[in-house]
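J.: One structure is given below, represented as structure tokens, and several questions about it will come after.
The values are calculated or read from the model by the stated rules, or taken from the named source; none is laboratory data. Computed from a predicted model, the values in this text were never measured in an experiment. Positions of Cβ are backbone-derived with ideal geometry, glycine not excepted, and every protein chain shown enters the neighbour counts. For accessibility, only protein heavy atoms count, side chains too; no ligands or nucleic acids. Shrake-Rupley method; radii C 1.70, N 1.55, O 1.52, S 1.80 Å.
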Amino acid sequence: MRPVVRLPPACLLFLACSAPTPSATETETAAATTSTAATDSASSGPATTHDPTDGESSGGDSGGESSGGATAPGFDLPALAELNTDLLATSPICAECHANADGATAMRDAKSRPVAPFDLWRATAMANSARDPFWWAMMSAEVAATPTAQAEIEATCLGCHAPMAKVHTDLNGLPAPARADLLGDSAAGKLGIDGVACALCHQIQPAGLGTDASFTAGFVIEPLRQIYGPHATPFTMPMQSHTGFTPTQADHVTSAALCGSCHTLETETLDPDGTALPGLFPEQATYLEWRNSDFRDEGSPGSQAAACAACHMPTRDLDGVPISTRLARRPNGTDFPPIAPRDPYGRHLFVGGNTLLPALLRDHTAALRPNADAAAFDAVIAGVRAQLAERTATVELAVARVGDALNIDVSVHNLAGHKFPSGYPSRRAWLRVRVTDAANALRFRSGEVDAEGRLLDGAGQPLASELLGGPVQPHHLQIDGEDMAQIYESVMADKDGAPAFRLLRARSFAKDNRLLPAGWSAEHPDAARTSPAGVGADPDFIAAGDTTRYIVAAPAAGGPYTISVELLYQPLAPRFAAELFAIDTPEVRAFESLYDAAEHAAEHVAAATLVAP
């Protein structure tokens, strides 16, 4: 039976857990469940321990440090285990045949570059969904805000971030998994910490996919021991012999509806005492955004029909050449002669817009224990940056002189098959605009950013909207001041309409001016759950784009003027982080320590330059 509270597990990125309660599925006590203090006093921090490689937490305004010389909490997640329960298996089982080996030609492109599913997947957000320190911190904040709903919060979050734990307990009639399971030695914990792994996605049944019942981890897995793939007449003997699973052809495994089971997340709105308000809040609706676009390939296909895999699991190599290769090799590292090359062959890249998570996993391996090396994480980061810069959005400029002012129209065009940004509400994009005169003196700027990633006013100070408890920067039709910035983002609102940063307080969107995909329609059945909010009657905010007018004082005598515009992106906005850091849990303090040590440079998406008289 599904939990009462439907809390979004925020795929690619992003919920988190709190102090654990003992779980009925736990077979051993987690090895690292407290902070280490100089006084040897016990801490209530459940999932964390001090990691000397991570440095100390900044403590923040919410009292991260305790008295008595206690060190800052740090993560200490378990390493990945090799486990086959007959119904589920961790990724090392699959890697025996689906990872590259020097002695095999299998899973290589036309230039013999390695493209094995396991090797490409292991450093992604999918593989590390249960190791994401932001996820742990956000979950703990949700539980701290609504402690009576802890069991439901943790079980629902694990449904997408540690889905094999959920499936294992469901299939075996065990209580729903809790965060503590991921730290212990139970089968549920070992499976769950493997994230969104091979044996999860490739066993999802087609029944119900794309319906509301399938959303928020409502996918169905049956104890059939069948591994679904897109290719007909698979050679079944090797997988059956080595794993007990049977490869089975099924078209639904590449469908967007399968992805939509976790990339559509609807939550209840809860009062602090846990009382639920009627209805559900569409906290993430990436699949529904795609369905209401020209990119849908369901029902009546759109003019640019392409499922999620077209961008996130491309079937062409780095040179644009279609990939045809053997799908597996022998466990001893040599080729299976009976297996012929297959195509199309999808590279399991799963790139999105998140550069923060792979950097944290790369830089804090002792604490987070990912099953990938630095080179793999660097490859993911490079892939994300290429996706953002080459396939996400474009920017165009037009300018007209009106007396002593320049009217600069900045148009942004969304190339993605969903909103940009999409998914978790910590993400944002914005326009940085600079105008310099003939002497290269700066005459105007908007959207400038400091080293901490905060947007600045003309005096170089953070905008009030960047600070804890500050106002929300509204959507702008035109901008004529340096204390204004065009930020494309979603900001949740509570039942009273005030900005909300706890997911279970969210009742609506105070603002959602994220760029719509091409073909979005207010008449579509999914429009109500994907509509913009707070854009007013902006006539230029349309499907696939938006135009903002900047009015800049620029007398002709000072020209010519150089206008530079850049569209920038952050997976975690500093304001969102500040609201999280105001909550005092061990996981929040541990994540804050990692976040403070990370780079906060904005990611480049698109740019344009124009010279005007």
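J.: Output the residues belonging to the range 519-555 that are farther than 18 Å from Gly299 by Cβ and among the acidic types (Asp, Glu).
T.: Result: Asp538, Asp540, Asp546.
J.: Would you tally the residues in the range 392-445 being in a strand (DSSP E or B), within 22 Å of Gly353 (Cβ to Cβ), open to solvent by less than 40 Å² (accessible area, probe 1.4 Å) and among the hydroxyl-bearing types (Ser, Thr, Tyr)?
T.: 1
J.: Please find, within the range 150-199, the residue that is modelled with the lowest pLDDT out of those that are touching a Leu at 6+ places or on another chain (Cβ under 7 Å), β-branched (Val, Ile, Thr) and closer than 19 Å to Gly218 by Cβ.
T.: That would be Thr156.
J.: So which of Pro133, Pro147, Pro223 ends up being modelled with pLDDT of 95 or more, open to solvent by less than 10 Å² (accessible area, probe 1.4 Å) and of a type outside the set (A, V, I, L, M)? I'd like the intermediate steps shown before the answer.
T.: Working: Pro147 fails: open to solvent by less than 10 Å² (accessible area, probe 1.4 Å); Pro223 fails: open to solvent by less than 10 Å² (accessible area, probe 1.4 Å).
The conditions single out Pro133.
J.: Tell me which of these Gly192 doesn't satisfy, since it passes every other one: (1) surrounded by fewer than 20 Cβ atoms within 10 Å (Cβ to Cβ); (2) in contact (Cβ under 8 Å) with a residue 12 or more places away in the chain; (3) on the phi < 0 side of the Ramachandran plot.
T.: Every listed condition holds for Gly192 apart from (1).
J.: May I ask you to verify whether Ala305 is within 30 Å of Thr562 (Cα to Cα) and either surrounded by 17 or more Cβ atoms within 10 Å (Cβ to Cβ) or without any contact (Cβ under 8 Å) to a residue 60 or more places away in the chain (or both)?
T.: The answer is no for Ala305.
J.: I'm told Ala578 meets every condition in (1) under 30 Å from Arg502 (Cα atoms); (2) in contact with a strand residue (DSSP E or B) (Cβ under 7 Å, 6 or more places away or on another chain); (3) among the hydrophobic types (A, V, I, L, M, F, W, C) except one. Can you identify the failing condition by its number?
T.: Status for Ala578: all satisfied but (2).
J.: Tell me which of these Arg549 doesn't satisfy, since it passes every other one: (1) under 30 Å from Ala438 (Cα atoms); (2) within 24 Å of the chain's Cα centre (by Cα); (3) of a type in the set (D, E, K, R).
T.: (2)
J.: Name every residue in the range 83-110 that is open to solvent by less than 40 Å² (accessible area, probe 1.4 Å), closer than 14 Å to Asn332 by Cα and part of a loop (DSSP other than H, G, I, E, B), in order of residue number.
T.: Ala99, Asn100, Ala101, Ala104, Ala106
J.: Shifting gears a bit: Please go through the range 228-245 and pick out each residue that is touching a strand residue (DSSP E or B) at 6+ places or on another chain (Cβ under 8 Å) and open to solvent by less than 40 Å² (accessible area, probe 1.4 Å).
T.: First, the residues of the range 228-245 that are touching a strand residue (DSSP E or B) at 6+ places or on another chain (Cβ under 8 Å): 228-236, 239-240, 243-245.
Matches in the range 228-245: Tyr228, Gly229, His231, Thr243, Gly244, Phe245.
J.: Between Thr124, Thr105, which is of a type in the set (Ser, Thr, Tyr) and under 25 Å from the mean Cα position of the chain (by Cα)?
T.: The unique qualifying residue is Thr124.
J.: Tell me which residues, restricted to the range 359-369, are in contact with a Pro (Cβ under 9 Å, 6 or more places away or on another chain) and either open to solvent by 10 Å² or more (accessible area, probe 1.4 Å) or part of a loop (DSSP other than H, G, I, E, B) (or both).
T.: Matches in the range 359-369: Arg362, His364, Ala366, Arg369.
J.: Can you pull out every residue in the range 116-130 that is open to solvent by less than 40 Å² (accessible area, probe 1.4 Å) and closer than 19 Å to Pro331 by Cβ?
T.: Correct list: Ala116, Pro117, Phe118, Trp121.
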